[in-house]
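Asker: Submitted below is the structure of interest, expressed as structure tokens.
Readers should treat all values here as calculations from the given coordinates under stated rules, not as data from a laboratory. Source: prediction; values computed, not measured. Because the Cβ atoms are built from the backbone with ideal geometry, glycine has one as well, and the counts that use them run over all protein chains shown.
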Amino acid sequence: MKSRKKEIPVLFLLTVLSFLFLIPIFIVLMNSFKGKLYISDQPFKLPSIAAGTFSGLSNYITGVMKIGFFKAFGWSLFITLLSVGAILLFTPMTAWYITRVKTKFTSMLYYLFIFSMIVPFQMVMYPMVKVANVMSLDNPVGIIFIYLGFGSGLSVFMLCGFIKSVPLGIEEASLIDGCTPIQTYFQVVMPMLKPTMVTVAILNVMWIWNDYLLPYLLIGTEYRTIPIAIQYLKGGYGSIDMGAMMAMLVLAIIPIVIFYLTCQKYIIAGVAAGAVKG
Amino acid sequence: MQKNYKKWFPIFVLPTLIAFVIAFLIPFVMGVYLSFTNFTTITNARWVGFDNYVKIFANKEFINALLFTAKFAIVAVVTINVFALSLALLLTKGLKGTNFFRTVFFMPNLIGGIVLGYIWQLILNGILYKFNVTLTYSEKYGFWGLVILMNWQLIGYMMIIYIAGIQNIPGDLIEAARIDGATSSQIVRKITLPMIMPSITICMFLTLSNSFKLFDQNLALTAGAPSKKTAMLALDIYNTFYGRQGYEGVGQAKAVLFFIMVAVLSLTQLWFTRKREVES
């Protein structure tokens, strides 16, 4: 009980800090209900009906119409879900195979996957877009394939790390019982990989959902994801509609906050695990 | 057993491998080759040797971007890690509401770079408006704006890693020190800090490579203004590729240099972590 009194200043400090962390989002929310002309010069004032700065939902309506927000939301969801789905289906199989079958080729593959993790996107950006154009992968379905390729480095690496610690005995028993490797994988191995697969899923969702440059270069002229739609709103120099921008920022943040609050436990655990290994 | 597996290679490995080769391996090899050629589309590439690499330094843009990035990285690494570690120390004391605070501090990390950039553009311009200037008036504003933004985004992330590190310290170690009469600050300096050195290394390099590769936030906050002075390396490379016809080769050469810098950082990290693992 000695330190209860000492705790009060610390708690006070933490409260002030968390207030500071939340206030940027609150300011954006507040401005999304303000007329667009009143945002730049008085961003820290509450919208008021008396002063005529309150604009109801009009920013939301203009914004949604201007950038087709719900369509963008749909594309973001489509690309993120299917890409992460593909990564979760294929990369654990690959990781299992190259850990269990030891040849020169598989160990070379392993090092190539690790190597890809240290290569920044700008290095492969231009040729990748050209290759994707030639192979007709520059559409919302093709981009899933590209994400599988780009995401495989980190995913295979993390999964291999875990598979190394799984004892061989159970798999051997299932093979002796007459299961094919594919049955063994889906019935015996995959259930054991679940915790790491959750981590891989979280890390890839965070990356693909927020990714801007890759989808912009590949499919951005026809299909806009949320980050592309937000950047599109900026338009040419100086012609930015601040009201619509604020409203769209709020709409972009809402799904993230919902995702965070529902999967918080996994996200925090996944991020900690991913960092230690990455 | 291995033989049993081998004929299943096409099912287990091929889908990932084909995607990996198309999305990464071929573009990487092409990227290295193209950096030595002059091209506007890939089919008309003409070998020019080290010409592109020489041209990088024909104007100051790349050097400016490198200096800006390096300065930014140093400031960001120091500030983010000091704040994150302090928060982690406060949040591992078993205070009331620890979970709530952790939730709040981590949240900005999930918001994408483009959205983050525009949130801070509004707030910083709102403050600067009182002084009759904007964020793009001077490169100083853009620099510190990016520092604040990155702090807001990454403090919570690094804090999580530090908390995990602190929680791994065996409790009896601290208890023994207490019994021997160590003060709280002595415990932090003599036990906590040395014990979480691996977490410190990880966080330093994570912030460093995140700062080095920063693109979205940079594009949304200032897009390099005023006159490209706040453009970081990734944005400068992007502008060279897509901003100016006939400079694709130079852009690719810059990308190769950028890759080498990031690779050196990552390998240094690996070396540091390995060394620690051997020691402990």
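Asker: Give the residue list of chymotrypsin sites (Phe, Trp or Tyr not before Pro) in the stretch B:110-203 that are DSSP loop and have at most 12 other beta-carbon atoms within 10 angstrom.
Answerer: Values: sites: B:Tyr118, B:Trp120, B:Tyr129, B:Phe131, B:Tyr137, B:Tyr141, B:Phe143, B:Trp144, B:Trp152, B:Tyr157, B:Tyr162; in loops: B:Phe131, B:Tyr137.
Of the chymotrypsin sites (Phe, Trp or Tyr not before Pro), the ones in loops of the stretch B:110-203 whose Cβ has at most 12 other Cβ atoms within 10 Å are B:Phe131.
Asker: How big is the charge dipole of chain A about its Cα centre, in debye rounded to the nearest 20, if each Lys and Arg gets +1 on its Cβ and each Asp and Glu gets -1 on its Cβ? Could the numbers behind the result be given before it?
Answerer: Numbers: 19 positive and 9 negative charges, 158 e Å.
For chain A, the charge dipole is close to 760 debye.
Asker: With point charges of +1 on the Cβ of Lys and Arg and -1 on the Cβ of Asp and Glu, referenced to the Cα centre of the stretch B:57-279, which listed residue (B:Thr268, B:Leu91, B:Ile63) lies farthest in the positive direction of the dipole?
Answerer: Final value for the positive-end residue is B:Ile63.
Asker: Now a separate question. Once you've got the GNM for chain A with C-alpha springs shorter than 10 Å, pick whichever of A:Gly178, A:Gly63, A:Gly74 has the biggest mean-square fluctuation.
Answerer: Looking only at A:Gly178, A:Gly63, A:Gly74, the largest GNM fluctuation is found for A:Gly178.
Asker: What residue among A:Leu29, A:Leu175, A:Leu89 has the largest mean-square fluctuation in a Gaussian network model of chain A, using Cα springs under 10 Å?
Answerer: Result: A:Leu175 has the largest fluctuation of those listed.
Asker: Quick one: among A:Gly243, A:Gly56, A:Gly220, which has the greatest mean-square fluctuation in a GNM of chain A with alpha-carbon springs under 10 angstrom?
Answerer: It is A:Gly56.
Asker: Using Cα pairs closer than 8 Å and at least 6 residues apart in sequence, work out the relative contact order for chain B, in percent.
Answerer: Numbers: 289 pairs, mean separation 80.5, N = 280.
Reported as a whole number, the value is 29 percent.
Asker: Working from Cα positions, state the angle (0 to 90°, nearest 10) between the long axis of helix A:4-31 and the longest principal axis of chain A.
Answerer: Rounded to the nearest ten degrees, it is 70.
Asker: Which lysines, on any chain, are close to A:Lys6 with Cα under 20 Å apart, when same-chain ones fewer than 8 places away are left out?
Answerer: By straight Cα distance, A:Lys6 reaches B:Lys93, B:Lys96.
Asker: Using helices alone, what [θ] at 222 nm do you get for the protein assembly as shown, with -39,500 (n - 2.57) per DSSP H run of 4 or more residues, divided over all residues and rounded to the nearest 500? Display every interim value, and only then the final one.
Answerer: Details: 27 runs with 400 residues, N = 558.
Computed mean residue ellipticity for the protein assembly as shown: -23500 deg cm²/dmol.
Asker: Any lysines with Cα under 30 Å of the B:Lys254 Cα? List them, leaving off those in the same chain fewer than 8 positions away.
Answerer: Within the straight-line cut-off, B:Lys254 pairs with A:Lys130, A:Lys234, A:Lys277, B:Lys55, B:Lys60, B:Lys71, B:Lys140, B:Lys213, B:Lys228, B:Lys229.
Asker: For the stretch B:24-53, which chymotrypsin sites (Phe, Trp or Tyr not before Pro) are in a loop by DSSP, counting at most 14 other Cβ atoms within 10 Å? Please report the intermediate quantities before stating the final value.
Answerer: Numbers: sites: B:Phe24, B:Phe28, B:Tyr33, B:Phe36, B:Phe39, B:Trp47, B:Phe50, B:Tyr53; in loops: B:Phe36, B:Phe39, B:Phe50.
Those satisfying the criteria are B:Phe50.
Asker: Among A:Ala273, A:Val166, B:Asn81, flag the residue with its Cα farthest along the positive direction of the charge dipole of the protein assembly as shown, charges on Cβ as +1 for Lys/Arg and -1 for Asp/Glu.
Answerer: B:Asn81
Asker: Dipole magnitude of the protein assembly as shown about its Cα centre, charges +1 at Lys/Arg Cβ and -1 at Asp/Glu Cβ only, in debye to the nearest 20? Write out the running numbers ahead of the final one.
Answerer: Details: 42 positive and 20 negative charges, 146 e Å.
That gives a dipole near 700 debye.
Asker: Right, something else. In units of 2.2 N^0.38 Å, what is the alpha-carbon radius of gyration of the stretch A:85-235?
Answerer: Details: Rg = 18.0 Å, N = 151, 2.2 N^0.38 = 14.8 Å.
Dividing the Cα radius of gyration by 2.2 N^0.38 Å gives 1.22.
Asker: Sticking with this structure for a sec: Return the whole-Å distance between the Cα centroid of the stretch B:177-200 and the Cα centroid of the stretch A:193-207.
Answerer: 34 Å
Asker: Still on this structure, please answer the following. Evaluate peptide B:95-104: per residue, the Cβ atoms of other protein chains within 10 Å of its Cβ; return the mean as an integer. Numbers along the way, then the final one.
Answerer: Details: counts 5, 4, 4, 1, 2, 3, 6, 3, 5, 8.
The shielding value for this peptide is 4.
Asker: Shifting gears a bit: Considering the dipole of chain A built from charges on the beta carbon (Lys and Arg +1, Asp and Glu -1) around the Cα centre, which of A:Tyr97, A:Gly243, A:Val134 is farthest to its positive end?
Answerer: A:Gly243
Asker: Give me P(r) over chain B, computed from all C-alpha to C-alpha distances, binned every 5 Å, as integer percentages.
Answerer: 1, 5, 9, 12, 12, 13, 12, 11, 9, 7, 5, 3, 1, 0, 0, 0
Asker: P(r) tail for the protein assembly as shown, what percent of Cα pairs lie past 30 Å?
Answerer: For the protein assembly as shown, the share of Cα pairs beyond 30 Å comes to 56 percent.
Asker: Using DSSP to call loops (not H, G, I, E or B), can you name the chymotrypsin sites (Phe, Trp or Tyr not before Pro) in the stretch A:47-149 whose Cβ has at most 10 other Cβ atoms within 10 angstrom?
Answerer: Details: sites: A:Phe54, A:Tyr60, A:Phe69, A:Phe70, A:Phe73, A:Trp75, A:Phe78, A:Phe90, A:Trp96, A:Tyr97, A:Phe105, A:Tyr110, A:Tyr111, A:Phe113, A:Phe115, A:Phe121, A:Phe145, A:Tyr147; in loops: none.
Sites meeting the loop and neighbour criteria: none at all.
Asker: In whole angstrom, how long is each semi-axis of the equivalent ellipsoid of chain A, when you take the square root of 5 times every eigenvalue of its Cα gyration tensor and sort them from largest down?
Answerer: Details: eigenvalues 370, 152, 48 Å².
Semi-axis lengths for chain A are 43, 28, 16 Å.
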